Amino acid sequence: MTVQPKPRPGKRINDPEGMRKKVLDVAEDAFQARGYHASSIGDLMAAADVSGGALHHHFPTKKALALAVIDERVAAAVEETWIAPVLAAASAREGVRSVFEAVAAELEQQGFVRGCPLNNLAHELSLADPDFRTALAGIFAGWRRAIADKLRADQQAGKDEGTDPERFAALTVAAYSGAMSMAKTAQDAGVLRDCLAGLERSAPSPSQGGLAARRRNRILPRPRTP
């Protein structure tokens, strides 16, 4: 039997993808915990236990690293937390409700609120650089589009006909983003439940929905009565 030699202590194993993932993990955590501007390249190198050459091989600049975090981690978090559950739900409103409730329950169990990853970076970076703003805006747009598309599908099935899909999507994203900011400041996830209650009170009644549908389908105005 041939015995494979063990790597010598302190010798780095060549794993470029593993190293890249580790740097992304460290940067994602640092940007959320301390912020982009407060996280130096030296801090990130030390936390990831990588050399400057290794880090810059994958991410030539700190900005490139931040864009990778936005594109690969923040976008994925929105997809996992919001888009996939809403699209899989029986309706847009049920999907929105399930996300608010799930996030509130998770934060209450966790015992602290770090905030929404997208919201945190949007507050810090949107005015700092146009490339950051474009990347962050694209995630917000995809989030809103998924909710609006789900509501349109509901309406084709005869549900929630009195609700404007684009406005409902914008209101949902704004309510969640604002609720997460307030929850982070107060360290209280209950704000999410309050915002959910407000969103649900905005739902049209069945009679209102039918009236809105009839108005949309009306081609000519009603004739004036003499």
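Results for (1) modelled with pLDDT of 95 or more; (2) part of a helix (DSSP H, G or I); (3) outside the structural domain of ILE139 (by TED's automatic domain parsing), shown as yes or no for each residue.
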{"position": "ALA153", "(1), (2), (3)": "yes, yes, no"}
{"position": "LYS159", "(1), (2), (3)": "no, no, no"}
{"position": "LEU171", "(1), (2), (3)": "yes, yes, no"}
{"position": "SER181", "(1), (2), (3)": "yes, yes, no"}
{"position": "ASP188", "(1), (2), (3)": "yes, no, no"}
{"position": "GLU200", "(1), (2), (3)": "no, yes, no"}
{"position": "ALA203", "(1), (2), (3)": "no, no, no"}
{"position": "SER207", "(1), (2), (3)": "no, yes, no"}
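Picking from residues in the range 133-169 that are out of contact with any helix residue (DSSP H, G or I) (no Cβ under 6 Å at 6 or more places or on another chain) and more than 13 Å from ALA92 (Cβ to Cβ), the one that is surrounded by the fewest Cβ atoms within 10 Å (Cβ to Cβ) is GLY158.
Restricting the range 84-98 to residues that are among the aliphatic types (A, V, I, L, M) and either touching a Phe, Trp or Tyr at 6+ places or on another chain (Cβ under 6 Å) or surrounded by fewer than 21 Cβ atoms within 10 Å (Cβ to Cβ) (or both) leaves a set whose member that is farthest from PRO130 (Cα to Cα) is ALA90.
Is the range 104-125 home to any residue that is touching a Gly at 6+ places or on another chain (Cβ under 6 Å) and modelled with pLDDT of 95 or more? Please lay out each step first, then the result.
Here is the first cut: in the range 104-125, the ones touching a Gly at 6+ places or on another chain (Cβ under 6 Å) are 124.
Retained after the next criterion (residues that are modelled with pLDDT of 95 or more): 124.
Looking for residues that are touching a Gly at 6+ places or on another chain (Cβ under 6 Å) and modelled with pLDDT of 95 or more, one finds at least one in the range 104-125, hence yes.
Scanning the range 116-166 for residues that are under 17 Å from LYS63 (Cα atoms) and touching a Lys or Arg at 6+ places or on another chain (Cβ under 6 Å) turns up just one, SER126. Under the condition of being touching a residue at least 40 places away in the same chain (Cβ under 8 Å) and among the hydroxyl-bearing types (Ser, Thr, Tyr), the residues counted in the range 61-106 number 1. Go through (1) surrounded by fewer than 17 Cβ atoms within 10 Å (Cβ to Cβ); (2) of a type outside the set (Gly, Ala, Ser); (3) touching a residue at least 60 places away in the same chain (Cβ under 8 Å); (4) not in a helix (DSSP H, G or I) and name the single condition VAL113 misses. Tallying (1) surrounded by fewer than 17 Cβ atoms within 10 Å (Cβ to Cβ); (2) of a type outside the set (Gly, Ala, Ser); (3) touching a residue at least 60 places away in the same chain (Cβ under 8 Å); (4) not in a helix (DSSP H, G or I), VAL113 fails exactly one: (1).
How many residues are loosely packed, with under 13 Cβ neighbours inside 10 Å and assigned to a helix (DSSP H, G or I) if we restrict to the range 35-63?
First pass over the range 35-63, keeping only residues loosely packed, with under 13 Cβ neighbours inside 10 Å: 37-38, 40, 42, 46, 49, 51-53, 60-61.
Those left that are additionally assigned to a helix (DSSP H, G or I): 42, 46, 52-53.
The number of residues fulfilling the criteria is 4.
Cβ-Cβ distances below 7 Å connect no pair with a first residue in the range 128-140 that is within 13 Å of ALA75 (Cα to Cα) and not assigned by TED's automatic domain parsing to the domain that holds GLU79, a second residue that is aromatic (Phe, Trp, Tyr) and in a helix (DSSP H, G or I), and a separation of six or more residues or different chains. Is there a residue in the range 23-34 that is at pLDDT 90 or above, closer than 22 Å to PRO130 by Cα and not in a helix (DSSP H, G or I)? Yes - at least one qualifying residue is present in the range 23-34. Among the conditions (1) assigned to a helix (DSSP H, G or I); (2) not assigned by TED's automatic domain parsing to the domain that holds TYR176, the only one that ALA75 does not satisfy is (2).
The values are calculated or read from the model by the stated rules, or taken from the named source; none is laboratory data. What you are looking at is a predicted structure, and each value in this text was computed from that prediction instead of being measured. Glycine gets a Cβ as well: all are built from the backbone with ideal geometry, and neighbour counts include every protein chain shown.
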